[in-house]
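The values are calculated or read from the model by the stated rules, or taken from the named source; none is laboratory data. Because the structure is predicted, anything quoted here is derived from the model rather than measured. Every residue, glycine among them, receives a Cβ derived from its backbone with ideal geometry; neighbour counts consider all protein chains shown.
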Amino acid sequence: MLFMSSRCCSSIRPRLITMAFIIAMLAAEAVQAYTVYVSSEKDNTITVIDGESLKVLQKVAVGERPRGIALSKDGKILYVCTSDADHIEVLDLETLKVTHVLPSGPDPELLVLGPEGKYLYAANEDDNMVTVVDVEKRQKVIEIQVGVEPEGMGISPDGKWLVNTSETTNMAHFINLETLKVEDNVLVDQRPRVAQFSNDGKQVWVSSEIGGTVSVIDSATRKIIKKIGFEIPGIHKESIQPVGIQLSRDGTKAFIALGPAARVAVVDTAKLEVEKYLLVGQRVWNLAFSPDEKRIFTTNGVSNDVSVIDVERLKVKKSIQVGRLPWGVVVRP
Amino acid sequence: MIDSMKKRGFVVSLVCGCTLALTLQAGESPRQPNPDWPCEQVLVAEVPAAVVWAGPSIKGMEQAWEQDREVESLVRHITSPDYDVDAADGEIAAFSSKQQAAEKDQRLTLLFAGVIQSLNERRRKELDGIIRYAQGQSARANRLSEELDEMVRLQDDPSQAARERLALMQQEMEIKQRMFDERESFIQHLCTRPRVIEERLGILARTIAYYLD
């Protein structure tokens with residue numbers, strides 16, 4: 001009996017350990033589970049991708065020409081700029097249904113949500129305004145006059161400053177969100193597209209699509225610290241068009257989408273120099289980190305796919321086909 | 001009404017860039033946008049191989065692919081505008097399987113050289129066509145603007161002849177304005193055409209690259 005018992009337990013113990021290990025792994029995977037949402041301006045859809053399996057789960061129909069997208073703070077809602085419908089659609093991420101629309105002004109392209117989660121800021125390219133929308137009251141609060149063809153928008157981590165770029169005047173406008181006034185204008189290179197604050201709020205990175213540079217601006221002095229240029233063997237300068245920018249949480253790396261060059265530049269933020277170029281899909285436009293920052297997802301407007309970059313190895317892991325003309329991308333933890 | 005039309009005509013002429021006609025030059029300065037280019041996308045004269053191809057270099061193969069009858073024939077076939085690119089995988093696989101191991105990568109690279117050259121050529125024609133179309137629109141905007149100037153002058157002329165001329169011009173202007181707007185909206189469609197070729201190039205490049213060792 002004792003012998004039997006001993007045999008019994010010695011054979012079960014390794015199995016128990018294995019099971020405990022599997023359960024722990026599953027728990028770890030469950031913690032890291034996340035979902036990727038991609039807007040496709042030609043198909044009028046949001047593609048839903050499982051972040052772990054990298055499989056497309058669903059394509060959800062939304063209004064005409066969806067471009068900029070943003071997640072609510074609780075991750076339950078996706079705000080979608082439906083540019084040709086001239087409004088922002090509110091997509092419930094549990095039901096995947098559009099519950100209502102928000103006013104945005106004409107042709108909204110890009111939007112950001114304030115850190116408090118209450119106000120949305122949308123750039124209206126056609127009438128040179130930034131529209132501020134109260135998402136709870138579902139109404140427009142104010143319109144702020146900015147430069148010609150407003151485009152990119154970055155909000156400071158403390159929610160006090162909004163930086164908006166204007167394509168035609170080639171400026172980054174610093175808007176004080178308490179007074180809602182433009183307090184400073186920084187001249188950058190031609191056709192600025194995206195503005196992104198560093199996580200400590202000390203820098204603003206602005207990409208210039210035609211200029212082919214990214215200006216790193218000191219948030220306090222409003223001076224340009226450095227303009228980062230890009231050179232890729234075999235690719236003409238005209239094809240190198242910086243657009244999307246993502247900065248890692250620890251502030252050590254920046255990833256910059258270079259449009260028709262089909263490359264993502266990896267920048268060492270201490271040296272402000274490019275350390276590597278990664279070949280992704282054609283006309284790479286916007287980027288988003290996974291919650292653990294182990295992956296970056298890029299939207300590629302010509303090849304109609306999303307490239308998945310392994311951030312640790314700095315290699316492109318996979319391409320996922322999505323709707324036509326993928327534009328915006330966000331990741332929901 | 002005349003004022004608003006005039007203003008619009010003026011705006012359109014500005015947008016179209018009523019400047020000296022320029023044709024697309026391969027060597028033009030990359031950071032000086034062509035003022036006649038009407039599309040939202042920045043003008044890129046040619047798609048470089050490095051954008052879609054990480055395989056062996058195609059340098060020196062610019063003419064060689066045309067001298068290889070089999071490659072030339074396959075290039076013409078798979079780059080024709082009505083070719084269904086979904087069928088490309090089967091045809092490229094068949095081409096690849098016929099090659100001797102030592103030559104396979106070289107001939108696949110030759111195939112890619114032909115594909116990118118042919119599609120870039122077609123794309124360039126599309127770009128030139130779009131620019132010519134935009135220049136035509138720009139010239140039309142100028143003519144409309146001049147006619148609107150004349151209509152403004154006629155408004156201040158009390159004579160019977162002036163009133164009759166103004167009435168006729170207003171009638172014609174409505175038609176011209178409508179035609180102008182229709183042509184203007186067509187530009188957006190034209191601007192999507194280079195992208196379609198780029199998409200096709202990407203698919204073919206990736207399919208060929210798949211069969212490289």
(request) Go through the residues of the stretch B:148-156 one by one and say whether even a single one is within 26 Å of B:Arg193 (Cα to Cα) and among the β-branched types (Val, Ile, Thr). (result) no
(message) Looking only at the stretch A:277-297, filter to residues that are crowded, with 23+ Cβ neighbours inside 10 Å and over 16 Å from A:Tyr34 (Cα atoms); which one of those is farthest from the other protein chains (Cβ to nearest Cβ)?
(response) A:Asn286
(request) Considering only residues that are basic (Lys, Arg) and assigned to a strand (DSSP E or B), look in the stretch A:298-333 and name the one that is nearest to A:Ser72 (Cα to Cα). (result) A:Arg332
(message) Checking A:Lys315 against (1) within 18 Å of the chain's Cα centre (by Cα); (2) at pLDDT below 95, only one condition comes out false. Which one?
(response) (1)
(request) Kindly provide the set of residues from the stretch B:44-78 that are of a type in the set (Val, Ile, Thr) and within 17 Å of A:Gly259 (Cβ to Cβ), ordered by number. (result) B:Val44, B:Val47, B:Val51, B:Val52
(message) Can you tell me which condition A:Ala288 does not meet? The list is (1) in contact (Cβ under 8 Å) with a residue 60 or more places away in the chain; (2) touching a Pro at 6+ places or on another chain (Cβ under 8 Å), and all the others hold.
(response) (2)
(request) Report yes if some residue within the stretch A:203-214 is at pLDDT below 95 and of a type in the set (D, E, K, R); otherwise report no. (result) no
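Could you count how many residues in the stretch B:108-130 are within 23 Å of B:Glu91 (Cα to Cα), within 19 Å of the chain's Cα centre (by Cα) and hydrophobic (A, V, I, L, M, F, W, C)? Reasoning before the result, please.
The initial filter retains those residues of the stretch B:108-130 that are within 23 Å of B:Glu91 (Cα to Cα), namely B:108-122.
Add one more test, that the residue is within 19 Å of the chain's Cα centre (by Cα), and what stays is B:115-122.
Then keep just the ones that are hydrophobic (A, V, I, L, M, F, W, C); that gives B:115-116, B:119.
Of the residues in that region, 3 qualify.
Quick grid of which residues meet (1) charged (D, E, K, R); (2) more than 13 Å from A:Val135 (Cβ to Cβ):
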residue: A:Glu89; (1), (2): yes, no
residue: A:Lys97; (1), (2): yes, yes
residue: A:His100; (1), (2): no, no
residue: A:Gly105; (1), (2): no, yes
residue: A:Leu110; (1), (2): no, yes
residue: A:Leu113; (1), (2): no, no
(request) Go over the candidates A:Glu29, A:Glu109 one by one and state the one that is within 21 Å of the chain's Cα centre (by Cα) and at pLDDT below 95. (result) A:Glu109
(request) For the stretch A:247-276, enumerate the residues that are within 11 Å of another protein chain (Cβ to nearest Cβ), hydrophobic (A, V, I, L, M, F, W, C) and touching a Phe, Trp or Tyr at 6+ places or on another chain (Cβ under 8 Å). (result) A:Leu258, A:Ala261
(message) So in the stretch B:58-78, with the set limited to residues that are in contact with an Asp or Glu (Cβ under 9 Å, 6 or more places away or on another chain) and among the β-branched types (Val, Ile, Thr), which one is farthest from B:Glu198 (Cα to Cα)?
(response) B:Val75
(request) Look at A:Gln190 and say whether it is within 11 Å of chain B (Cβ to nearest Cβ), surrounded by fewer than 23 Cβ atoms within 10 Å (Cβ to Cβ) and polar (S, T, N, Q). (result) yes
(message) Let me confirm something: among A:Lys59, A:Lys55, which residue is modelled with pLDDT of 95 or more and either touching a His at 6+ places or on another chain (Cβ under 6 Å) or over 29 Å from A:Glu136 (Cα atoms) (or both)?
(response) A:Lys55
(request) Give me a count of the residues in the stretch B:131-181 that are under 25 Å from the mean Cα position of the chain (by Cα) and outside any helix (DSSP H, G or I). (result) 0
(request) Filter the stretch A:185-202 for residues that are out of contact with any Gly (no Cβ under 8 Å at 6 or more places or on another chain) and part of a strand (DSSP E or B) and give the result. (result) A:Val186, A:Leu187
(message) Looking at (1) surrounded by fewer than 21 Cβ atoms within 10 Å (Cβ to Cβ); (2) closer than 16 Å to A:Asn286 by Cα, which one does A:Arg67 not meet, given that it meets all the others?
(response) (1)
(message) Name the single residue that is nearest to the chain's Cα centre (by Cα) among those in the stretch B:75-106 being under 24 Å from B:Arg124 (Cα atoms) and touching a residue at least 40 places away in the same chain (Cβ under 8 Å).
(response) B:Pro81
(message) Out of the strands (runs of 3 or more DSSP E) lying entirely within the stretch A:105-183, which hold 3 or more residues that are of a type outside the set (A, V, I, L, M, F, W, C) and buried (at least 19 other Cβ atoms within 10 Å of the Cβ)?
(response) A:119-124, A:150-155, A:161-166
(request) Quick one: count up the residues across the stretch B:46-62 that are within 8 Å of chain A (Cβ to nearest Cβ) and either surrounded by fewer than 15 Cβ atoms within 10 Å (Cβ to Cβ) or not charged (D, E, K, R) (or both). (result) 7
(request) Would you mention how many residues in the stretch B:63-72 are in a helix (DSSP H, G or I) and either surrounded by 12 or more Cβ atoms within 10 Å (Cβ to Cβ) or under 25 Å from the mean Cα position of the chain (by Cα) (or both)? (result) 6
(message) Being over 16 Å from the mean Cα position of the chain (by Cα) and crowded, with 23+ Cβ neighbours inside 10 Å is the filter here; which residues of the stretch A:227-272 pass it?
(response) A:Ser239, A:Ile240, A:Gln241, A:Pro260, A:Ala261, A:Ala262, A:Arg263, A:Val267
(request) Exactly one condition in (1) closer than 25 Å to A:Ser307 by Cβ; (2) within 14 Å of chain A (Cβ to nearest Cβ); (3) surrounded by 15 or more Cβ atoms within 10 Å (Cβ to Cβ) is not met by B:Arg124; state its number. (result) (1)
